[in-house]
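Step one of this worksheet: look at the structure below.
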């Protein structure tokens, strides 16, 4: 996992221009945000597909498993 302040500091210490380091920092920030958003949307979509039937009824029985 890339840490944003550490990455920018490392680029500046390595001799990269600060503006270029800031651009990379924004790019990584947007990519992390997009990945988090897509993951949350996928979790909601998968959950809704599992918990609702074809007639849009909530199926609470699908939340529990019968272990015997």
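All of the numbers you see were taken from the coordinates with simple rules; none came from a lab. All values derive from a computational prediction rather than experimental measurement. With ideal geometry, Cβ positions are generated from the backbone for all residues, glycine too; neighbour counts draw on all protein chains shown.
A few points about this structure:
- With Cα atoms, 0 to 90° folded angle of helix 18-51 axis to the chain main axis: 0 degrees
- Value at 222 nm in deg cm²/dmol, rounded to 500, when DSSP H runs of n ≥ 4 in the chain each add -39,500 (n - 2.57): -22500 deg cm²/dmol
- Applying 1/(1 + (r/R0)^6) with r as the Cβ-Cβ distance of residue 53 and residue 33 and R0 = 25 angstrom yields a FRET efficiency of 0.15.
- One chain, two ends: residue 43 and residue 13. Fully extended at 0.36 nm per residue, the span grows by 6.8 nm beyond their Cα-Cα distance.
- GNM flexibility winner over the chain from 39, 47, 15 (Cα, springs under 10 Å): 15
- Of the residues 40, 22, 14, the one that moves most in a GNM of the chain with alpha-carbon contacts below 10 Å is 14.
- The chain: angle of helix 4-13 to the longest principal axis, Cα-based, in degrees nearest 10: 20 degrees
- Labels on offer are (1) 19.6, 65; (2) 21.4, 64; (3) 14.2, 46, and the one holding Rg and Dmax of the Cα atoms in Å computed from this structure is (2).
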